[in-house]
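Below is one structure, written out as structure tokens; the observations come after it.
Nothing in this text is a laboratory measurement; each read-out follows from the coordinates by a stated rule. These figures come from a predicted structure and were not determined experimentally. Note that each Cβ is placed from the backbone with ideal geometry, even for glycine, and that neighbours are counted across all protein chains shown.
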Amino acid sequence: MHTNNTNESDSAESALPIACDLNAIPAQDRAAHAVTAQQLFGMAQRVAELENGIELTLPSDSETFLRAAQFIAHERECCPFFTFTLEVQPNGRPIWLRLTGGEGVKEFLLSEFQSVIPAAFHHSKDTAAQL
């Protein structure tokens, strides 16, 4: 059984410096990671701003799930201050990918991913919940 002490988790999360190290991703994987990020954000059906990050609503197919997992695998190497949540729901409902963290992470995400977020807006079906 896993118990999560939210206060300990929150304070540890906010103590992490917001600094990416792209060199943490193996050199041979960096270009592919950039493409994966662009594809993942581009296929988002909706992008929502959360209190402490952003949430992508993604198609429910297996290819998208694997692409999201690959994105997380590399992104967590270079940006250890992110918390990733990948939620897969039953009956073919959308996949949710949340990128969150401590103070300043949401602003960092909005700035860092601004070049790929507009593609997600373009495909959004829920304009009221867009960033």
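Full-extension gain between ALA27 and GLN114, please, as 0.36 nm times their residue separation minus the C-alpha to C-alpha distance. It would help to have the intermediate numbers written out before the result.
On the way: separation 87, 0.36 × 87 = 31.32 nm, distance 2.33 nm.
Length difference between fully extended and current span is 29.0 nm.
How charged is the neighbourhood of THR36? Take every other residue with its Cβ under 12 Å from the Cβ of THR36, and add Lys/Arg as +1 and Asp/Glu as -1. If you can, show how the numbers build up before the last one.
On the way: positive: ARG30, ARG67; negative: ASP29, GLU63, GLU75.
Taking every other residue near THR36 into account, the sum is -1.
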Point to revise | Extended-chain gain in nm, criterion 0.36 nm per residue less alpha-carbon gap, CYS20 and GLU63 | key: 12.8 nm
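Would the range 10-77 count as rounded, prolate or oblate if I go by the C-alpha gyration tensor, calling it rounded below 1.5 in a/c and otherwise prolate when a/b exceeds b/c, oblate otherwise?
oblate
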Practice item. Excluding GLU77 itself, calculate the net charge of residues whose Cβ lies under 10 Å from the Cβ of GLU77, where each Lys or Arg counts +1 and each Asp or Glu counts -1. Key: -2
Review point. Expressed in nm to one decimal, what extension gain is obtained for the pair GLU107 and GLN89 from 0.36 nm per residue of sequence separation less their Cα-Cα distance?
Key: 3.7 nm
